[in-house]
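> Handing you this structure, nothing more for now.
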Amino acid sequence: MERKTVYLKSFGCQMNDADSEQILGILKQSGYQPVDRPDEADLILLNTCSIRAKAEQKVFSDLGRLKVMKIKDPSVKIGVAGCMAQSMGERILGREPAVDFVFGTSGLVDLPDLIEKAGRGEKGISLARSGNSEELRSEAALRSSLVYAYVPIIYGCGNFCSYCVVPYVRGPETSRPVQRILKEIRDLAGRGYKEVTLLGQNVLSYGKKGKENIMFNYLLHLIHDIDGIERIRFVTSHPRDMTQQIVETMAGLPKVCESLHLPVQSGSDKILYAMNRGYTKRDYLEKLRLLREKIHDIAITTDMIVGFPGETDKDFEETLSLISEGGFDHLFGFCFSPRPGTPAGSLPDPVDAETARVRLSTLFKLQKEISLKKNREMVGKKVEVLVEGAGKKDPKQLSGRTRTNKVVHFPGGKNMIGKLVQVRIEQGLPNCLIGTAVQPVTC
């Protein structure tokens with residue numbers, strides 16, 4: 001059989017990363033092998049994000065370069081997938097004639113047909129939502145890691161934050177059947193995986209609109225009972241849905257890691273209301289207090305948006321105050337990006353781009369100081385690290401994560417990959433820790 005190759009570039013969130021694993025798995029069944037460079041591929045796919053305009057601009061920039069490649073070799077097929085494909089659809093085909101087909105967030109099952117049509121010189125598009133994609137999920141995935149795995153548990157979003165396009169491109173919340181989730185994780189455990197990350201736009205909504213009457217906290221108990229899985233993480237969580245019951249469940253299950261991503265987006269009650277977030281600054285800080293009271297040494301990360309329409313200097317000072325009081329381990333920050341079709345996209349009183357950039361820089365500077373202080377406090381401590389692989393910059397170094405999701409680099413042999421290792425921390429940097437292995441914990 002002739003060797004067929006595919007190059008896939010994924011943009012955006014971990015849900016997109018999970019979708020990319022599904023795409024590669026489906027293509028493997030059709031005889032495709034992944035390659036690291038587009039100029040080595042027969043098929044080029046971009047799995048896109050539309051959460052911000054900059055992400056879309058990057059995609060069109062890539063398509064411009066790929067168009068030149070296709071002029072040189074017209075046999076190369078190019079496809080655009082993901083959230084941007086779902087929102088723009090045929091407009092992508094119209095803007096970039098080099099693109100052969102487009103498929104949205106629920107169009108994975110149609111990929112083989114789209115490739116076949118492209119081979120006949122026909123343009124293709126698949127945007128309709130179909131329940132059939134669920135049938136392929138666990139069986140098809142070509143995992144990017146042999147140590148940890150992403151496991152989607154809920155698709156779509158029903159929160160309709162005023163700035164966010166996700167509910168429009170990924171559809172309403174749909175919880176996966178619990179037995180399919182458990183089967184996927186049991187299969188992973190049987191293949192030697194030690195860590196799973198449960199994925200969803202809001203995992204805490206799991207089961208609320210389903211027929212099985214199994215909520216997220218009970219799902220955690222069921223996964224916790226699976227032999228072989230040593231660590232459980234989940235992302236993302238909406239602060240409004242972080243209840244005392246869920247916090248106590250996290251605290252009571254040893255396999256659930258002491259780390260949580262809890263996006264707050266702003267420290268101003270006025271801006272939070274305009275964002276339709278459903279909580280106040282005080283509400284959010286109370287959630288943090290409860291989490292730290294119940295879960296010893298929990299590491300909490302968050303997201304912030306600056307430059308939201310109507311954000312004044314006073315509003316931004318409230319955000320800085322929340323960062324200082326919240327004591328986050330890490331923070332992802334972004335300038336507001338108006339998205340077509342969202343309520344915030346047409347709000348008055350925009351913040352000019354330069355002011356937003358200055359605010360973002362100020363925010364990052366404050367968070368860097370907090371992160372550095374926290375990481376330096378780790379020096380001298382022994383921590384459990386799940387070794388994920390060789391370091392990207394230095395192959396003689398290994399890289400892994402603590403239970404609190406901090407990246408640790410340390411010298412070691414490849415025989416440690418996939419193992420839980422005790423590491424003594426010797427240096428704390430803003431974004432990672434440096435250490436020395438003491439002894440393996442488990443094989």
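The values are calculated or read from the model by the stated rules, or taken from the named source; none is laboratory data. Bear in mind the structure is a predicted one, so any value in this text is a computation, not a measurement. Using ideal geometry, Cβ is built from the backbone for each residue, glycine included, and neighbour counts are taken over all protein chains shown.
> Answer with yes or no whether ILE185 is more than 25 Å from GLU293 (Cα to Cα), among the hydrophobic types (A, V, I, L, M, F, W, C) and either in contact with a strand residue (DSSP E or B) (Cβ under 7 Å, 6 or more places away or on another chain) or not in a helix (DSSP H, G or I) (or both).
On the way: more than 25 Å from GLU293 (Cα to Cα): yes; among the hydrophobic types (A, V, I, L, M, F, W, C): yes; either in contact with a strand residue (DSSP E or B) (Cβ under 7 Å, 6 or more places away or on another chain) or not in a helix (DSSP H, G or I) (or both): yes.
Against the criterion (more than 25 Å from GLU293 (Cα to Cα), among the hydrophobic types (A, V, I, L, M, F, W, C) and either in contact with a strand residue (DSSP E or B) (Cβ under 7 Å, 6 or more places away or on another chain) or not in a helix (DSSP H, G or I) (or both)), ILE185 qualifies.
> A follow-up question, please. Anything in the range 177-196 that is surrounded by 21 or more Cβ atoms within 10 Å (Cβ to Cβ) and either touching a helix residue (DSSP H, G or I) at 6+ places or on another chain (Cβ under 7 Å) or not charged (D, E, K, R) (or both)? List them, or say none.
ILE181, ILE185, LEU188, TYR193, VAL196
> Can you work out which of the residues in the range 420-443 that are at pLDDT below 95 and touching a strand residue (DSSP E or B) at 6+ places or on another chain (Cβ under 8 Å) is farthest from GLY380 (Cα to Cα)?
First, pick out the residues of the range 420-443 that are at pLDDT below 95: 438-443.
The next check asks that each one be touching a strand residue (DSSP E or B) at 6+ places or on another chain (Cβ under 8 Å); those that pass are 438-442.
Numbers: VAL438: 12, GLN439: 15, PRO440: 18, VAL441: 18, THR442: 22 Å.
Within the range 420-443, the match that is farthest from GLY380 (Cα to Cα) is THR442.
> Something else about it: Taking the range 257-274 only, how many residues are more than 12 Å from THR319 (Cβ to Cβ) and under 24 Å from the mean Cα position of the chain (by Cα)?
Residues of the range 257-274 more than 12 Å from THR319 (Cβ to Cβ): 257-263, 273-274.
Right, trim to under 24 Å from the mean Cα position of the chain (by Cα) and you get 257-263.
So the count comes out to 7.
> How many residues, within the range 343-363, are touching a Gly at 6+ places or on another chain (Cβ under 9 Å) and either at pLDDT below 95 or among the hydrophobic types (A, V, I, L, M, F, W, C) (or both)? Please lay out each step first, then the result.
Here is the first cut: in the range 343-363, the residues touching a Gly at 6+ places or on another chain (Cβ under 9 Å) are 347-353, 355-357, 359-360, 363.
Adding the requirement that they be either at pLDDT below 95 or among the hydrophobic types (A, V, I, L, M, F, W, C) (or both) leaves 347, 351, 353, 356, 360, 363.
Result for the range 343-363: 6.
> Can you name every residue in the range 231-253 that is more than 21 Å from the chain's Cα centre (by Cα), closer than 19 Å to ALA299 by Cβ and not aliphatic (A, V, I, L, M)?
GLU248, THR249, GLY252
> Okay, next question. Given the criterion assigned by TED's automatic domain parsing to the domain that holds LEU43, under 21 Å from TYR168 (Cα atoms) and exposed (fewer than 14 other Cβ atoms within 10 Å of the Cβ), identify the matching residue among ARG65, ARG91. It would help to see each step written out before you state the result.
Numbers: ARG65 fails: under 21 Å from TYR168 (Cα atoms).
One residue alone meets the criteria, ARG91.
> Return the residues of the range 401-440 that are of a type outside the set (Gly, Ala, Ser) and assigned to a loop (DSSP other than H, G, I, E, B); say none if nothing qualifies.
As a first pass, look at the range 401-440 and keep what is of a type outside the set (Gly, Ala, Ser): 401-411, 414-417, 419-427, 429-434, 436, 438-440.
Across the range 401-440, the qualifying residues are ARG403, THR404, ASN405, LYS406, ILE417, LYS419, LEU429, PRO430, ASN431, CYS432.
> For residues in the range 1-40 being within 25 Å of the chain's Cα centre (by Cα) and among the β-branched types (Val, Ile, Thr), which is surrounded by the most Cβ atoms within 10 Å (Cβ to Cβ)? Please lay out each step first, then the result.
Our first condition is that a residue be within 25 Å of the chain's Cα centre (by Cα); within the range 1-40, this holds for 6-28, 33-38.
Next, from what is left, pick out any that are among the β-branched types (Val, Ile, Thr): 6, 23, 26, 35.
Numbers: VAL6: 23, ILE23: 26, ILE26: 21, VAL35: 16.
This residue is ILE23.
> Report the residue count in the range 115-137 for those that are surrounded by 18 or more Cβ atoms within 10 Å (Cβ to Cβ), modelled with pLDDT under 95, more than 18 Å from the chain's Cα centre (by Cα) and in a helix (DSSP H, G or I).
Summing the residues that are surrounded by 18 or more Cβ atoms within 10 Å (Cβ to Cβ), modelled with pLDDT under 95, more than 18 Å from the chain's Cα centre (by Cα) and in a helix (DSSP H, G or I) in the range 115-137 gives 1.
> Would you check if LYS77 is surrounded by fewer than 17 Cβ atoms within 10 Å (Cβ to Cβ) and either under 26 Å from TYR155 (Cα atoms) or among the basic types (Lys, Arg) (or both)?
Numbers: surrounded by fewer than 17 Cβ atoms within 10 Å (Cβ to Cβ): no; either under 26 Å from TYR155 (Cα atoms) or among the basic types (Lys, Arg) (or both): yes.
No: the conditions fail for LYS77.
> Being aliphatic (A, V, I, L, M) and surrounded by fewer than 20 Cβ atoms within 10 Å (Cβ to Cβ) is the filter here, so list the residues in the range 213-245 that pass it. Walk me through how you get there before you give the answer.
Step one: list which residues in the range 213-245 are aliphatic (A, V, I, L, M), which gives 214-215, 219-220, 222-223, 226, 229, 232, 235, 242.
The answer is ILE214, MET215, LEU222, ILE226, ILE229.
> Is the range 390-397 home to any residue that is crowded, with 19+ Cβ neighbours inside 10 Å, outside any loop (DSSP other than H, G, I, E, B) and not polar (S, T, N, Q)?
As a first pass, look at the range 390-397 and keep what is crowded, with 19+ Cβ neighbours inside 10 Å: none.
No, every residue in the range 390-397 fails to be crowded, with 19+ Cβ neighbours inside 10 Å, outside any loop (DSSP other than H, G, I, E, B) and not polar (S, T, N, Q).
> So which residues in the range 160-174 are polar (S, T, N, Q) and either at positive phi or modelled with pLDDT under 95 (or both), if there are any at all?
The one that is polar (S, T, N, Q) and either at positive phi or modelled with pLDDT under 95 (or both): THR174.
> To continue, here is another question. Tell me, which residue of the range 291-328 that is charged (D, E, K, R) and assigned to a loop (DSSP other than H, G, I, E, B) is nearest to ARG359 (Cα to Cα)?
As a first pass, look at the range 291-328 and keep what is charged (D, E, K, R): 292-294, 297, 303, 311, 313-315, 317-318, 325.
From what is left, the residues that are assigned to a loop (DSSP other than H, G, I, E, B) are 297, 311.
Numbers: ASP297: 30, GLU311: 11 Å.
It comes out as GLU311.
> When the residues of the range 233-283 are filtered to those that are in a helix (DSSP H, G or I) and of a type in the set (A, V, I, L, M), which remaining residue is nearest to TYR218 (Cα to Cα)?
ILE246
> Something else about it: Given the condition closer than 17 Å to ALA274 by Cβ, of a type in the set (A, V, I, L, M, F, W, C) and either over 22 Å from the mean Cα position of the chain (by Cα) or not assigned by TED's automatic domain parsing to the domain that holds ARG233 (or both), answer yes or no: does some residue in the range 325-332 qualify? Even if it seems obvious, please write down each step before you answer.
Step one: filter the range 325-332 for residues closer than 17 Å to ALA274 by Cβ, giving none.
No, because not a single residue in the range 325-332 is closer than 17 Å to ALA274 by Cβ, of a type in the set (A, V, I, L, M, F, W, C) and either over 22 Å from the mean Cα position of the chain (by Cα) or not assigned by TED's automatic domain parsing to the domain that holds ARG233 (or both).
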